[in-house]
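Trainee: Quick one: structure below, then a few questions.
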Amino acid sequence: MSVVSGLDEVTDANFEAEVLRAGLPVLVQFTADWCGPCRQLAPVLKDIAFAEGDRLKVVQLDVDRNPATTLAYQVLSTPTLLVFRDGEPVRSMVGARPGRRLLEELADLL
């Protein structure tokens, strides 16, 4: 069940397989149902997932339902965006932003 429709959700149980072992860079949105800025960011992430799907995997993780992963990466606020490449976090961004700005911030990772 997706927190925000259109994006795949990862969990504590499948985070390693879906994110750390992915063949592409993975953008993970740490989100929550109660987070307004997370909902604001959702259509931006959906657009990026559609446009950059061959170069970037975009998923979300609900911080309330997946405390182990949230704690492991020291996520303290939502939305937090972490980009993973080859199993390692390589970029961290906190807060909602427009799609163009987000793509500019990700350009060197794609």
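The values are calculated or read from the model by the stated rules, or taken from the named source; none is laboratory data. The shown structure was predicted, so the numbers you read here are calculated from the model rather than taken from an experiment. Note: ideal-geometry Cβ built from the backbone for every residue, glycine included; neighbour counts use all protein chains shown. Ligands, DNA and RNA are stripped out before the accessible areas are found, and what is left, the full protein with its side chains, is counted by its heavy atoms. Shrake-Rupley method; radii C 1.70, N 1.55, O 1.52, S 1.80 Å.
Trainee: Placing +1 at every Lys and Arg Cβ and -1 at every Asp and Glu Cβ, with all other atoms neutral, what dipole size does the chain have around its Cα centre, in debye to the nearest 20?
Mentor: 300 debye
Trainee: When a/c reaches 1.5 or more, the comparison of a/b and b/c decides; with that in mind, is the range 3-59 rounded, prolate or oblate per its Cα gyration tensor?
Mentor: oblate
Trainee: Quick one: which residues, 5 or more positions from GLU9 or on another chain, have an amide H under 5 Å from its amide H? H modelled 1.01 Å from N in the peptide plane, none for Pro or chain starts.
Mentor: Placed amide hydrogens put GLN60 under 5 Å from GLU9.
Trainee: Solvent-accessible area per residue for the range 10-94 at a 1.4 Å probe radius, Å²?
Mentor: Solvent-accessible surface per residue comes out at 50 Å².
Trainee: Continuing with the same structure: Let me check I've understood the local charge: for THR11, count other residues with C-beta under 10 angstrom from its C-beta, Lys and Arg +1, Asp and Glu -1. What total comes out?
Mentor: Around THR11, the charge tally is -3.
Trainee: Shifting gears a bit: Select from ASN14, VAL26, ALA42 the residue farthest towards the positive end of the dipole of the chain; place +1 on Cβ of Lys and Arg, -1 on Cβ of Asp and Glu, and compute about the Cα centre.
Mentor: ALA42
Trainee: Roughly to the nearest percent, how much of the accessible area of the chain is carbon and sulfur, given a 1.4 Å probe?
Mentor: On the way: 3070 of 5860 Å².
C and S atoms contribute 52 percent here.
Trainee: Could you grab the relative contact order for the chain? Cα pairs under 8 Å, six or more apart, rounded to a whole percent.
Mentor: Relative contact order for the chain comes out at 36 percent.
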